[in-house]
Amino acid sequence: MSSVTSNIESTLHEDRVFAPPETFSRGAHIRSAEEYERLRAEASESPDNFWARMAEELHWFKKWDTVLKWDAPHAEWFGGGKINVSDNCLDRHLETWRRNKAALIWEGEPGEQRTFTYLQLHTEVCRFANVLKRFGVQTGDRVALYMPLIPELAMAMLACARIGATHSIIFGGFSADSLRDRINDAGCKLVVTADGGWRRGAEVKLKPTVDEAVKETPSVRTCIVVRRTGTRVHIEAGRDHWWHEVIETVDAHCPAEELDSEHPLYILYTSGTTGKPKGILHTTAGYLLQAHLTTKWVFDLKDEDTYWCTADIGWVTGHSYVVYGPLSNGATVVMYEGAPNYPEPDRFWRIIERHRVSVFYTAPTAIRAFIKWGEQWPLKHDLTSLRLLGTVGEPINPEAWMWYREIIGKGRCPIVDTWWQTETGAMMIAPLPGATPTKPGSATKPLPGIEADVMTRSGAPVGPNEGGYLVIKRPWPSMLRTIWGDDERYRATYWSEIDGVYFAGDGARRDADGYFWIMGRVDDVINVSGHRLGTMEVESALVSHAAVAEAAVVARPDEIKGSAIIAFVTLEGDRKATDGLKEELRRHVAKEIGALARPEEIRFSDQLPKTRSGKIMRRLLREIATSGGVQGDVTTLEDFSVLEKLRVHEEE
Ligand code: WT7
């Protein structure tokens with residue numbers, strides 16, 4: 001917890017408070033602190049009634065019998081209800097004027113634009129749902145989606161949801177091995193992919209990675225390929241089919257299945273403290289309810305808004321806030337395929353100006369990159385359409401928050417810093433922009449219905465401004481239901497660390513006003529550019545290389561990415577420490593896991609500092625990585641012999 005303690009010190013000095021602009025509050029869904037408090041009180045006094053009242057916002061084929069059945073740590077929300085996510089995101093709007101409203105406005109990195117109205121999107125989704133059925137996908141089957149950020153990805157998700165197939169999206173940056181393991185863990189029957197996508201002017205090939213992965217995935221029978229880049233790809237007769245061809249062979253009639261509230265909607269893999277990623281399972285009604293409600297409340301979304309969340313759909317933010325939350329609200333969603341600095345560092349601002357984006361949601365890592373690139377880029381563009389700015393993924397430092405507010409929001413736009421996780425499914429701690437005064441660097445207060453707290457390791461409450469562990473004390477509708485295929489790990493990871501509460505894995509403190517300040521992970525998980533990576537996962541990848549005897553991976557604070565991955569490696573006896581080998585190892589990790597896991601730096605050492613019981617002293621390595629700087633002579637071995645003395649103390 002040493003990093004947690006130092007964070008407390010740095011944030012304690014932040015005392016700026018920004019009240020919601022009056023003009024904003026006047027038109028907001030939730031207009032005052034009193035209204036927020038009323039909702040919060042209602043939810044805490046009578047949670048079932050509160051959530052039942054909220055659930056009226058969704059379209060149900062059949063209403064629920066019971067709001068919540070809690071058999072700790074297993075929750076069943078809205079039992080007895082029948083509902084469909086695709087129906088809520090599409091069909092319900094077709095009966096209204098939104099029928100011909102733009103649902104998706106997509107921009108490819110090279111510059112193409114495609115727009116789909118709700119009616120058009122509905123047609124495409126129904127057709128693709130029929131394609132899935134044609135290839136034998138049934139309710140309850142799993143479908144893997146390994147795609148660039150193109151409209152077909154949203155269509156494939158909604159098509160799965162429509163027929164009750166559970167999707168598992170694997171971010172396009174993951175390697176063939178990672179893809180294979182995830183497909184096998186979920187037993188996917190079908191894979192949807194593309195020839196490739198565009199990123200920073202270069203093609204990211206996807207189909208060859210799928211070809212490699214499916215050599216060892218016995219469950220996969222079919223692969224559907226979107227033609228995106230036009231590059232030449234291998235098409236395996238009988239297994240592979242082009243999207244644009246099969247879509248022509250089906251009709252556009254496909255009623256949404258009436259599914260149970262707890263029907264599995266999707267699995268999304270995320271890193272944990274062991275080498276094996278966890279398949280986080282989200283189900284239908286509760287997930288949709290909280291994604292829907294938080295989108296409406298926290299983004300204060302209105303029909304006139306043009307909404308853009310820059311996340312890739314491969315992460316949970318894209319699931320909840322590019323697709324399900326905004327579409328169930330009938331919003332116009334902007335989607336952009338590529339990099340923020342292509343062809344120049346003003347691409348995002350260009351997109352905001354072109355489509356008159358009013359609500360913009362991005363990550364601190366992106367904001368810090370914009371700061372580095374310079375304010376001349378946003379200043380070149382008319383950003384007056386913006387009315388609300390959001391951030392997610394990691395703690396935002398007050399300097400970046402202020403820059404976002406001043407340079408992008410011109411001091412006019414409320415900023416919503418939203419704390420949540422893959423596991424929580426939707427936002428948990430966040431301001432309501434018309435009601436909550438904001439403080440730079442704080443996600444403010446739990447949303448109505450969310451009982452968050454800060455506790456000691458033994459579950460005792462902590463006082464104001466004392467650091468502790470962030471926990472959730474009551475089940476919430478969009479919570480994960482289990483870890484796919486490993487319920488024991490679900491119990492152990494989330495419900496056993498502190499008795500009776502959900503353990504988020506983050507350090508936090510609450511100030512005297514009840515505002516939460518999130519201080520980062522307290523486990524062996526590194527948050528790189530807002531993406532989680534387990535140190536164990538990277539260590540396993542390194543050790544799988546023939547030259548590596550042992551590896552320890554730690555995080556080093558990074559100005560842009562939040563944290564950078566630093567690996568300490570000892571080599572097999574006969575291997576020489578060379579710069580070439582460092583490069584090879586970095587490439588090896590990228591190949592094993594994906595480019596996002598590639599260590600920033602590899603440092604060779606003849607031994608790793610350990611306690612007498614053999615535990616690697618990561619805290620020490622973290623200090624060395626943080627203060628030690630980069631070695632001039634890159635082939636020099638790290639000498640830990642001086643640390644021998646410390647062993648004794650470490651154990652005591
Ligand atoms: C972890 C969850 C939620 C979507 C993106 C990441 C960190 C997330 C914030 C925030 C401080 C944050 C936490 C959390 N985190 N949002 N607003 N302030 N930290 O999803 O990959 O599941 O990671 O991201 O450490 O536990 P994820």
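Overview of results
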| quantity | calculated |
| --- | --- |
| Mean Cα-pair separation over length for the range 124-208, i.e. relative contact order, pairs under 8 Å, 6 or more apart, % | 35 |
| Value of relative contact order over the chain, rounded to a whole percent, pairs C-alpha under 8 Å and six or more apart | 14 |
| From phi via Karplus (6.51, -1.76, 1.60), per-residue ³J(HN,Hα) for the range 567-574 in Hz, x at Gly/Pro | 10, 9, 10, 9, 9, 4, x, 8 |
| Estimated distance in nm for a label pair at Glu399 and Ser496, the labels positioned 7 Å out from Cα along Cα-to-Cβ | 4.2 |
| Extension reserve of the Lys473-Lys215 stretch, reckoned as 0.36 nm per residue once the Cα distance is removed | 88.4 nm |
| Relative packing of peptides 591-599, 455-463 - highest average C-beta neighbours within 10 Å first | 591-599, 455-463 |
| Leu265 long-range amide H proximity, modeled H, under 5 Å | His282, Thr283, Thr284 |
| Contact order normalised by residue count of the range 62-215, Cα under 8 Å, 6+ apart, percent | 19 |
| Cα-based reach from Lys615 at 18 Å (exclusive), listing lysines while leaving out same-chain residues under 8 positions away | Lys645 |
| Estimated vicinal HN-Hα couplings, Hz - the range 436-448 in sequence order (Karplus 6.51, -1.76, 1.60; Gly, Pro = x) | 9, x, 10, 10, x, x, 10, 7, 6, 10, x, 6, x |
| Carbon plus sulfur fraction of accessible area for the range 576-618, probe 1.4 Å, in percent | 45 |
| Of all accessible heavy-atom area on the range 440-544, the percent that carbon and sulfur account for (1.4 Å) | 46 |
| Under-5 Å amide H pairs with Asp240, H placed in peptide plane, nonlocal only | Cys223 |
| At most 11 other Cβ within 10 Å, DSSP loop - trypsin sites (Lys or Arg not before Pro), the range 203-238 | Arg232 |
| Residue-averaged [θ]222 nm for the chain, counting only DSSP H segments that reach four residues, each worth -39500 (n - 2.57) | -8000 deg cm²/dmol |
| Dipole of the chain, positive end: most advanced residue of Thr317, Ile407, Trp243 [Cβ charges, Cα centre] | Trp243 |
| Inter-probe distance in nm under a simple model that places probes 7 Å from Cα toward Cβ, at Ala549 and Ala19 | 6.6 |
| Extension gain (nm, one decimal) between Thr96 and Ala339, 0.36 nm per residue minus Cα-Cα | 83.9 nm |
| Rounded if a/c under 1.5, otherwise prolate or oblate - the chain, Cα gyration tensor axes | rounded |
| Rounded to whole Hz, the Karplus (6.51, -1.76, 1.60) HN-Hα couplings of the range 68-83, x for glycine and proline | 9, 10, 10, 10, 3, x, 10, 10, 10, 9, 6, x, x, x, 10, 7 |
| Long-range HN-HN contacts of Val462 with modeled amide H, under 5 Å | Val454, Thr456 |
| Across Lys278/Lys561; Lys276/Lys591; Lys215/Lys591; Lys380/Lys439, pairs whose alpha-carbon gap is larger than 18 Å | Lys278/Lys561; Lys380/Lys439 |
| No Cys partner within the rule (Cβ under 4.7 Å), the chain | Cys89, Cys160, Cys188, Cys223, Cys309, Cys413 |
| Reach of Lys82 by Cα under 19 Å, taken over lysines that are not fewer than 8 positions away in the same chain | Lys62, Lys63, Lys69 |
| Calculated FRET value between Arg26 and His234, using beta carbons and R₀ = 56 Å, to 0.05 | 0.45 |
| Residues of the range 209-328: accessible area per residue with a 1.4 Å probe, Å² | 34 |
| Fraction of the pair-distance distribution of the range 20-121 above 22 Å, Cα-Cα pairs, percent | 59 |
| For the range 428-473: accessible area per residue (Å², 1.4 Å) | 26 |
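The values are calculated or read from the model by the stated rules, or taken from the named source; none is laboratory data. None of the values given here were measured: they were computed from a predicted structure. A quick note on method: Cβ atoms are made from the backbone with ideal geometry, for glycine too, and the neighbour counts reach across all protein chains shown. For accessibility, only protein heavy atoms count, side chains too; no ligands or nucleic acids. Shrake-Rupley method; radii C 1.70, N 1.55, O 1.52, S 1.80 Å.
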